[in-house]
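Here's the structure we're looking at; comments come further down.
The values are calculated or read from the model by the stated rules, or taken from the named source; none is laboratory data. These numbers come from a predicted model, not from an experiment. In this analysis, Cβ positions are derived from the backbone assuming ideal geometry, glycine residues included, and neighbour counts consider all displayed protein chains. To get the accessible areas, we keep the full protein, side chains included, count just its heavy atoms, and leave off ligands, DNA and RNA. Shrake-Rupley method; radii C 1.70, N 1.55, O 1.52, S 1.80 Å.
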Number of protein chains: 2
Amino acid sequence: MTSKHIVRAYDEELASLGNRIASMGGHAERMVEQSVAALINADAALARKVIADDAILDEGQRWIDDRAILLIARRQPMADDLREIIGTIRIAADLERVGDLGKSIAKRVVAVSDARQPIQLFRGLEALATLALTQLKQVLDVYASRSVEAISFMRDRDEEIDAMYTSLFRELLTYMMEDPRNISPCTHLLFCAKNIERIGDHATNIAETVYYVVTGEQLPPERPKEDKSHRVVLSADGDKA
Amino acid sequence: MTSKHIVRAYDEELASLGNRIASMGGHAERMVEQSVAALINADAALARKVIADDAILDEGQRWIDDRAILLIARRQPMADDLREIIGTIRIAADLERVGDLGKSIAKRVVAVSDARQPIQLFRGLEALATLALTQLKQVLDVYASRSVEAISFMRDRDEEIDAMYTSLFRELLTYMMEDPRNISPCTHLLFCAKNIERIGDHATNIAETVYYVVTGEQLPPERPKEDKSHRVVLSADGDKA
């Protein structure tokens, strides 16, 4: 009876880590959605809400770190459960960074709304955010369902995000060259786009962690392709390199 | 005799994790130094070396993750040692990211050298990199010496890096407005500056981990100040907001 109780308490502690990851994941998604909405609608109040909400993810990460380490110290789990617990520490760190990236987008809302931007720039950013958020939602589903076969599909999606980011990078540079008044706001939009691209990377990190938790193996380190924006050079007369 | 042997083997395994962190730290510092040197000297060969060297940090992080988890599973360490081991997992993740940031700077060398930039722009970037590298070296010293009292000093340094980054951000925007030919290379330099600023953040993360490893307590979550570049708006006629 007592040993059953101990096992049950242990399972509950493990489950509570997983539940907290799920709630952190939902919160991170919302922060990113709202930060992009704030940017598009020049909504400073929503931006402030996103900035304030970041504390919830910081607190979530600390809570998971503390609980996970206590759980390892007290229960001395064997390999499978240990991977599970270490996995929650890693995923919490990625979700906390996703929140930071959302907050960083929200902080640029005021600087960007200073000058109204062409609507198609926001469309590009919105499409990029939709892809990154789909990626994040899917990986959180994979974490919940343990169906790691979806992971190779996710890596393809990551390439799609990188390609879209590179094309948006090019487009933003073109706007900056067309009119110097675009330089300041478009620079902030460039950083927002980079932040969204990074959110896709964190979704991929989480996918790799989930794969490791479920299989005990690490995915091969090198991702096949990546963001090519570092090569983009536009000449001042508008020709594309 | 046997139990002494086991204890000694355990200590050696712990020490080997610490040694690997030290060697990853030295490697990360070199990558950042060389990436900035490649940028300033338009040295494409050095840039290629930095990009290739990144694999060493990826491999280091995988090695530490695997060993750390094996060590926990086999030895079931108590609180202090457990913090030590979890600490190496976290620090390895930060150092791996520092390497990624150095690689990301190296990848921009070709795009930036396409047009020669005013030398003072590189000076600003070099000064920023010197500050960030000092920060990284100091935190690796703190990790080796366990003298956590140096950590509050490091947080002040982080503010200095953020302030210098914000001023460089403003300066780069000014160059972009002065001449549209500067837009493309200066955008890449903006991302390089942001990468260096992020290296300072990772040094701060490592400081927080070391504090946690040594004291068992977490530093308060909010850092007092931060990068203010998100507020920078320059109007097209060169007035500074």
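Probe radius 1.4 Å, ligands and nucleic acids ignored: give me the carbon and sulfur share of the accessible area of the protein assembly as shown as a rounded percent. Of all accessible area on the protein assembly as shown, carbon and sulfur atoms account for 53 percent.
A label point on A:Ser145, set 7 Å along the Cα-to-Cβ line, lies at 5.4 nm from each of its counterparts in the other copies, closest listed first.
For the range B:33-110, the Cα gyration tensor yields ellipsoid semi-axes of 35, 11, 6 Å (square root of five times each eigenvalue, largest first, whole Å). Is there a pair in A:Lys228/B:Lys137; A:Lys49/B:Lys137; A:Lys103/B:Lys137; A:Lys103/B:Lys194 whose C-alpha atoms are over 26 Å apart, and which pairs would that be? From the list (A:Lys228/B:Lys137; A:Lys49/B:Lys137; A:Lys103/B:Lys137; A:Lys103/B:Lys194), the Cα-Cα distance tops 26 Å for A:Lys228/B:Lys137; A:Lys49/B:Lys137; A:Lys103/B:Lys137. The P(r) of the protein assembly as shown has a tail past 34 Å containing 34 percent of all C-alpha pairs. For chain B, the fraction of alpha-carbon pairs lying more than 27 Å apart is 42 percent, rounded to a whole number. Label-to-label distance, A:Ala52 versus B:Ile56, with points set 7 angstrom from Cα along the beta-carbon direction: 4.9 nm. Loop-located trypsin sites (Lys or Arg not before Pro) across the range A:82-117 with a Cβ neighbour count of 13 or fewer within 10 Å are A:Arg116, with loop assigned by DSSP. Sorted shortest first, the separations between the A:Ser16 label point and its copies elsewhere in the assembly read 3.6 nm; each point sits 7 Å from Cα along the Cα-to-Cβ line.
Remark: C-alpha extents of the range B:72-130 on the principal axes read 57, 20, 7 Å, sorted largest to smallest. A straight line joining the Cα centroids of the range A:44-72 and the range A:153-169 runs 28 Å.
Placing one equal scatterer on every Cα of the range B:153-202 and applying the Debye formula, the log10 ratio I(q)/I(0) at q = 0.18, 0.19 Å⁻¹ is -0.56, -0.61. Using only Cα atoms, tell me the angle between helix B:119-145 and the longest principal axis of chain B; keep it within 0 to 90° and round to the nearest 10. The helix B:119-145 is inclined about 10 degrees to chain B. Counting only Cβ charges, +1 for Lys and Arg and -1 for Asp and Glu, the dipole size of the range B:111-173 around its Cα centre is about 140 debye. Taking Cα atoms only, the orientation of helix B:79-107 departs from the longest principal axis of chain B by about 30 degrees. Among chain A residues, the beta-carbon with the smallest distance to the axis carrying A onto B is reported, with distance in whole Å, as A:Gln76, 2. Please compute the contact order of chain A in relative form: average sequence separation of alpha-carbon pairs under 8 Å and at least six residues apart, divided by the residue count, as a percent. RCO, chain A: 24 percent.
Annotation note: trypsin sites (Lys or Arg not before Pro) in the range B:139-213 located in DSSP loop regions with a Cβ neighbour count of at most 16 within 10 Å are B:Arg146.
Our estimate of slack between A:Glu33 and A:Thr130, defined as 0.36 nm per intervening residue step minus the Cα-Cα distance, is 34.1 nm. Each of A:Asp80 and B:Arg74 was given a label point 7 Å from its Cα along the Cα-to-Cβ line. The distance between the two points is 2.2 nm. The same position B:Trp63 in the other copies lies at 3.8 nm from this copy, comparing label points 7 Å beyond Cα toward the beta-carbon, shortest first. Could you let me know the centre-to-centre spacing of the range A:94-147 and the range B:96-149, using Cα atoms, in angstrom? Centre-to-centre (Cα) distance: 27 Å.
Computed from Cα atoms, the angle from the helix A:2-40 axis to the main principal axis of chain A rounds to 10 degrees.
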